[in-house]
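These notes are about the structure you will find just below.
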Amino acid sequence: MKRRAVFLDRDGVLTRAVMREGRPYPPASAAEVEILPGVVEVLRGLKEAGFVLIVVSNQPDVARGTTPKETVEAINAYLAERLPIDRFITCYHDDGDNCDCRKPRSGMLLTGAREFDLDLASSYMVGDRWRDVEAGNAAGCKTIFIDYEYDEQRPQLCDFQVISMDEAASIILMKSGI
């Protein structure tokens, strides 16, 4: 029997995004990372309910040359020490690279599905940007949009719209009969 997963965007879902002119950006270092309130407990609850937890994160600043890959890896390592994450899958490309992994494409989710033998139709993608939701839709997952009212494009179609990771987890557990 295939397993279920919750795919999670990193910045803005697990950690506080750095805001500039109404738009979210990743922290510049592990020292700047702030895990959002309640995230540790929420993820523990999802893990205890049997979900595989996979972070899928676009980090185009590596391709742009403004953030070293080592910084992204240090942030992921910092989070791995504090959160019950099963796997971090990161896309280091920018739009012009035309890769399959950069959200809104579904490559990172499909990689996670293969590695963990996941049933994507009973899995969830939780994100705070349209690219996250579109990637979840493309992979065949249920999608949850955490709406922080950023000054940018919004998802066209999501299964659920919430205001926090706590609310997203409640929906996942309820809809999964847990």
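Quick note: the coordinates plus some simple rules give every number you see, no bench work behind them. Treat the numbers as computed from the prediction; the structure is a model and nothing was measured. Counting neighbours? That spans all protein chains shown, and the Cβs are built from the backbone with ideal geometry, glycine included.
Semi-axes of the equivalent ellipsoid of the chain are 23, 18, 17 Å, computed as sqrt(5λ) over the eigenvalues of the C-alpha gyration tensor in descending order. Annotation: amide H of Val18 within the under-5 Å range of Tyr25, sequence separation 5 or more or interchain, hydrogens built in the peptide plane.
Pairs of Lys residues in the stretch 5-175 that lie 8 or more places apart, or on two chains, and have C-alpha atoms under 24 angstrom apart add up to 5.
Taking the charge dipole of the chain about its Cα centre, with +1 at Lys and Arg Cβ atoms and -1 at Asp and Glu Cβ atoms, the residue from Pro37, Met1, Phe160 reaching farthest to the positive side is Met1.
Once the Cα-Cα distance is subtracted from the 0.36 nm per residue extended length, the Ser170 to Lys47 segment shows a gain of 43.0 nm. Within the chain, the cysteines lacking any other cysteine Cβ closer than 4.7 Å to their own Cβ are Cys99, Cys141, Cys158. Close amide H partners of Gln161, meaning residues 5 or more places away or on another chain with modelled amide H under 5 Å apart, are Phe145. As a length-normalised measure over Cα pairs under 8 Å and 6 or more apart, the relative contact order of the stretch 8-107 settles at 28 percent.
Of all DSSP bridge pairs formed entirely within the chain, close to 15 percent run antiparallel.
Taking Cα centroids, how far is the stretch 80-100 from the stretch 110-161 in Å? The stretch 80-100 and the stretch 110-161 have Cα centres separated by 14 Å.
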